[in-house]
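Comments concern the structure below.
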Amino acid sequence: MKRKLPLWLFWIIVCIIYCASVVAIEFSDQPIGSSYSLMRTGMLYGLVSMAACALLAVICAWRVVFAIVFPLLSAFSGAMCFLALTIGSRLSETSLEIALENDAEMWFSVISPLMMLTIAASLALGIFVAWVRWQ
């Protein structure tokens, strides 16, 4: 007989993986020169991680919502992590404004085959996790 994974355990596993990868990448270039900056960065990382876990808790509560939203969140997070690691771009109001004002030629100059591969891998991983949640 196949045992089902409890919802709370699934949520904790998804939160740990998401926060250890996506949220950690967002904090990868934070300068830490003193104990104060380490403490401040740690508190900010904890706050962002709690917000991400709260969002994932809401999404995990319903299988249909999770199956639709999580793969999209994974693909978006993969794209943002790729941009953060390659060109140092972060999601902000300014970057959104600039992205909306640019034309298609500018968009296609940023999109590379490696970025498309990263987004496809993130989407595939998100679909797999959604499938696990569906079971």
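Shape summary of the chain, radius of gyration then Dmax from alpha carbon positions: 16.9, 56 Å. The simple Förster model, with R0 at 22 Å and r as the Cβ-Cβ distance, assigns residue 116 and residue 28 a FRET efficiency of 0.50. Electrostatic tally near residue 10: other residues with Cβ closer than 10 Å to its Cβ, Lys and Arg +1, Asp and Glu -1, net +2. For the chain, complete DSSP H runs whose alpha carbons reach 20 Å or more along their own long axis and whose mean Kyte-Doolittle score is -1.0 or higher are 35-60, 63-86, 113-134. Exposure here means at most 13 other Cβ atoms within 10 Å; with trypsin sites (Lys or Arg not before Pro) in a DSSP loop as sites, the longest stretch of the chain lacking them is 5-89. Seen from residue 44, the other residues with C-beta closer than 14 Å to its C-beta sum to a net charge of 0, counting Lys and Arg as +1 and Asp and Glu as -1. Based on alpha-carbon centroids, what's the gap between segment 2-52 and segment 104-129 in Å, whole number please? First find each Cα centre; the distance between them is then 23 Å.
All of the numbers you see were taken from the coordinates with simple rules; none came from a lab. Remember, it's a predicted structure, so these values are computed and weren't measured experimentally. FYI the Cβ positions are ideal-geometry reconstructions off the backbone, even for glycines, and counts take in every protein chain you see.
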